[in-house]
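J.: Have a look at this one before I ask anything.
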Amino acid sequence: MKTLARWVLAGAMVFAGLSHLFWARKEFQAQVPDLVTEVLPIDKDGVVVASGAVEMMLGAALVALPKERRRVGAILAAFFVAIFPGNIGQALGKRDGFRLDSDKARWARLLFQPVLVAWALWSTRDEGSARD
């Protein structure tokens, strides 16, 4: 079950990364908090492209680096935590994107982020490990 969950997560990450680069670039820009571009020497499009590349690499690493599975899972969980402020910013700023065009939808989405963190951690833990 964990293997299937990890592969599904890997595919979702690669798909999300590709969408950052191609068909959903503008919508992802709506999620980039203004503070990021004020602090870093990069524009919102640069943030979207960079995060898309990171998502694709993490997705690929989930499958291509089985000996580093736990580490990749922890990095992916940290990534999900790191992008959470963008989701909060989208909700607070009432910015539409990805059919999240109401306060209810934007706030409900925030509840899914902890699920992603748990999914990344759980699916990368070895079966029967003492650390599970």
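J.: Considering only region 74-132, state which residues are β-branched (V, I, T), at pLDDT below 90 and either closer than 17 Å to L58 by Cβ or not in a helix (DSSP H, G or I) (or both).
T.: The one that is β-branched (V, I, T), at pLDDT below 90 and either closer than 17 Å to L58 by Cβ or not in a helix (DSSP H, G or I) (or both): I83.
J.: Which members of region 15-29 meet the condition of being open to solvent by 50 Å² or more (accessible area, probe 1.4 Å) and either touching an Asp or Glu at 6+ places or on another chain (Cβ under 8 Å) or closer than 21 Å to L76 by Cα (or both)?
T.: If we filter region 15-29 for residues that are open to solvent by 50 Å² or more (accessible area, probe 1.4 Å), which is where we start, we get 15, 18, 22-23, 25-27.
Scanning region 15-29 gives F15, L18, R25.
J.: Return a yes/no flag: does region 35-47 have any residue that is under 27 Å from W7 (Cβ atoms) and either outside any loop (DSSP other than H, G, I, E, B) or open to solvent by less than 40 Å² (accessible area, probe 1.4 Å) (or both).
T.: No.
J.: Here is a list: G11, G52. Which entry is surrounded by 15 or more Cβ atoms within 10 Å (Cβ to Cβ), closer than 25 Å to S123 by Cβ and of a type in the set (G, A, S)?
T.: Testing whether each residue is surrounded by 15 or more Cβ atoms within 10 Å (Cβ to Cβ), closer than 25 Å to S123 by Cβ and of a type in the set (G, A, S) leaves just G52.
J.: So which residues in region 34-55 are under 17 Å from L18 (Cα atoms) and among the hydrophobic types (A, V, I, L, M, F, W, C), if there are any at all?
T.: Narrowing region 34-55 to residues under 17 Å from L18 (Cα atoms): 44-55.
Within region 34-55, V47, V48, V49, A50, A53, V54 qualify.
J.: Within region 95-123, can you find the residues that are free of Cβ contacts under 8 Å to residues at least 60 places away in the same chain and of a type in the set (K, R)?
T.: Passing the criteria: R99, K104, R106, R109.
A quick yes/no check of all residues on (1) out of contact with any Leu (no Cβ under 8 Å at 6 or more places or on another chain); (2) at positive phi; (3) aliphatic (A, V, I, L, M):
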position: S51; (1), (2), (3): yes, no, no
position: M56; (1), (2), (3): no, no, yes
position: A61; (1), (2), (3): yes, no, yes
position: R69; (1), (2), (3): no, no, no
position: A74; (1), (2), (3): no, no, yes
position: F80; (1), (2), (3): no, no, no
position: I88; (1), (2), (3): no, no, yes
position: L92; (1), (2), (3): yes, no, yes
position: F98; (1), (2), (3): yes, yes, no
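J.: Okay, next question. Does V32 satisfy being of a type in the set (V, I, T), farther than 28 Å from W122 by Cβ and open to solvent by less than 30 Å² (accessible area, probe 1.4 Å)?
T.: yes
J.: Then there is this: Could you list, in sequence order, the residues of region 64-83 that are farther than 17 Å from R125 by Cα, open to solvent by 60 Å² or more (accessible area, probe 1.4 Å) and touching a residue at least 12 places away in the same chain (Cβ under 8 Å)?
T.: V81 - this is the single residue of region 64-83 that is farther than 17 Å from R125 by Cα, open to solvent by 60 Å² or more (accessible area, probe 1.4 Å) and touching a residue at least 12 places away in the same chain (Cβ under 8 Å).
The values are calculated or read from the model by the stated rules, or taken from the named source; none is laboratory data. For clarity, every value in this text was computed on a predicted model and none was experimentally measured. So basically every Cβ, Gly included, is an ideal-geometry build from the backbone, and we count neighbours across all protein chains shown. All accessible areas refer to the heavy atoms of the entire protein, side chains included, with ligands and DNA or RNA removed. Shrake-Rupley method; radii C 1.70, N 1.55, O 1.52, S 1.80 Å.
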